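Student: Please read through the structure below; I'll follow up with questions.
The values are calculated or read from the model by the stated rules, or taken from the named source; none is laboratory data. As the structure is a prediction and not an experimental result, all values here were calculated from the model. All Cβ positions, glycine included, derive from the backbone under ideal geometry; neighbour counts span all protein chains shown.
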Amino acid sequence: MSLFAAAARSLSIEDPIEKCRETRRWVAAWRAQGAQVEPLEQRSNPGLTDRPGRLDRPLLVSPNDVPKRKITGAPEGRRALLHAIAHIELNAVNLALDVAARYWDVPMPDAFHREWIGVADDEAKHFLLLHDRLTALGGAYGELPAHNGLWESAIATKGDILARLAVVPMVLEARGLDVTPMMIDKFTHVGDLETVAALEIIYEDEIGHVAVGRRWFEHVADARGLERETTWHELVRTYFHGQVKRPFNKPARSEAGMHPEYYEPLADWYEGIDL
């Protein structure tokens, strides 16, 4: 099975545990065989759809209808927040698989597809870590409502690889760098060190994921002769239906290569309009 067909197959799997385990299995096998990427002229359309495989649960609702989550010493609050993070990570699996396979006919270096498959493998690892913590706390993924905003961003940008790279890794994943340290502090405060360990793994990996997105965004922007920062601002304003808002985790963003000239002017712009 080709790399692109394998990614499409993982996207179509409905059960989240099976999706993540199967993704990790074939990525390991693919790497063991040399991580080959088919030449552009030998590729065929993997037949991606606009909806990845998913079970009927969790119930998908508007972001405003997702209950607020407050961490306390009781397991209920921790389960609710872990469920929300697990949903984000499962969406991230789908997003990484999709970006690796959707642009199969776009002339990109092989490293582009290799790196995004690596991101998908990491995100599958993250979901399984969080699933284990949910199970240990008496919960299960799918038992609480969630929203589909992350995947809606993928569909909105599917027609342009540059827009996809601008929004998904450089807005959505970068936001994770801003909020994860606060979650780590909260779980530390209630003594849930097992969850802290999982979140620390996720946090370190996500810095690399933002770097992957930023690096390939700049590659495509440069190839098109576009100015990087102003192009990013225009694409985010066009395709992202939310806000780029403070506070920013500047050290982590800088480690990923996202300097303040990217996000500070856009945050100023959002703060200056009535949304």
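Student: On the given criteria, is D98 among the acidic types (D, E), closer than 25 Å to S153 by Cβ and not in a loop (DSSP other than H, G, I, E, B)?
Tutor: yes
Residue-by-condition table, conditions (1) more than 24 Å from A111 (Cα to Cα); (2) modelled with pLDDT under 95; (3) buried (at least 18 other Cβ atoms within 10 Å of the Cβ); (4) of a type in the set (D, E, K, R):
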site: T180; (1), (2), (3), (4): yes, no, yes, no
site: I207; (1), (2), (3), (4): no, no, yes, no
site: W216; (1), (2), (3), (4): no, no, yes, no
site: T230; (1), (2), (3), (4): yes, no, no, no
site: H233; (1), (2), (3), (4): yes, no, yes, no
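Student: Something else: Check off (1) in contact with a Ser or Thr (Cβ under 9 Å, 6 or more places away or on another chain); (2) without any contact (Cβ under 8 Å) to a residue 60 or more places away in the chain; (3) closer than 16 Å to E89 by Cβ for F217 and give me the number that stays unchecked.
Tutor: (3)
Student: Scanning for something hydrophobic (A, V, I, L, M, F, W, C), modelled with pLDDT of 90 or more, assigned to a helix (DSSP H, G or I) and exposed (fewer than 14 other Cβ atoms within 10 Å of the Cβ), does the stretch 40-55 turn up at least one residue?
Tutor: Checking the stretch 40-55: at least one residue is hydrophobic (A, V, I, L, M, F, W, C), modelled with pLDDT of 90 or more, assigned to a helix (DSSP H, G or I) and exposed (fewer than 14 other Cβ atoms within 10 Å of the Cβ).
Student: For the stretch 15-46, which positions are within 27 Å of D105 (Cβ to Cβ), touching a residue at least 24 places away in the same chain (Cβ under 8 Å) and among the acidic types (D, E)?
Tutor: Residue satisfying the conditions is E38 alone.
Student: More than 19 Å from R237 (Cα to Cα), surrounded by fewer than 22 Cβ atoms within 10 Å (Cβ to Cβ) and in contact with a strand residue (DSSP E or B) (Cβ under 9 Å, 6 or more places away or on another chain), is that true of H189?
Tutor: Here the answer is no, as H189 does not meet what is asked.
Student: Could you check, for the stretch 162-174, whether at least one of its residues is touching a residue at least 60 places away in the same chain (Cβ under 8 Å) and surrounded by fewer than 16 Cβ atoms within 10 Å (Cβ to Cβ)?
Tutor: Looking through the stretch 162-174, none of the residues is touching a residue at least 60 places away in the same chain (Cβ under 8 Å) and surrounded by fewer than 16 Cβ atoms within 10 Å (Cβ to Cβ).
Here is a yes/no grid of residues against (1) within 15 Å of the chain's Cα centre (by Cα); (2) in contact (Cβ under 8 Å) with a residue 12 or more places away in the chain:
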residue: V119; (1), (2): yes, yes
residue: A140; (1), (2): no, no
residue: E143; (1), (2): no, yes
residue: L150; (1), (2): yes, yes
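Student: Quick test of your reading of the structure: T135 fulfils all but one of (1) buried (at least 17 other Cβ atoms within 10 Å of the Cβ); (2) among the polar types (S, T, N, Q); (3) closer than 27 Å to D192 by Cα. Name the failing condition by number.
Tutor: It fails just one condition, (1).
Student: Moving to a separate point now. Restricting attention to the stretch 135-147, does a residue exist that is part of a helix (DSSP H, G or I) and more than 21 Å from K245 (Cβ to Cβ)?
Tutor: Yes: the stretch 135-147 contains one or more residues that are part of a helix (DSSP H, G or I) and more than 21 Å from K245 (Cβ to Cβ).
Student: Might you let me know whether the stretch 63-71 holds any residue that is among the basic types (K, R), at pLDDT 95 or above and either surrounded by fewer than 13 Cβ atoms within 10 Å (Cβ to Cβ) or within 20 Å of the chain's Cα centre (by Cα) (or both)?
Tutor: no
For (1) among the hydroxyl-bearing types (S, T, Y); (2) under 20 Å from D160 (Cβ atoms); (3) surrounded by fewer than 24 Cβ atoms within 10 Å (Cβ to Cβ), each residue gets a yes or a no:
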position: E89; (1), (2), (3): no, no, no
position: A96; (1), (2), (3): no, yes, no
position: V99; (1), (2), (3): no, yes, no
position: D105; (1), (2), (3): no, yes, yes
position: P109; (1), (2), (3): no, yes, yes
position: F112; (1), (2), (3): no, yes, yes
position: E115; (1), (2), (3): no, yes, yes
position: A124; (1), (2), (3): no, no, no
position: L129; (1), (2), (3): no, no, yes
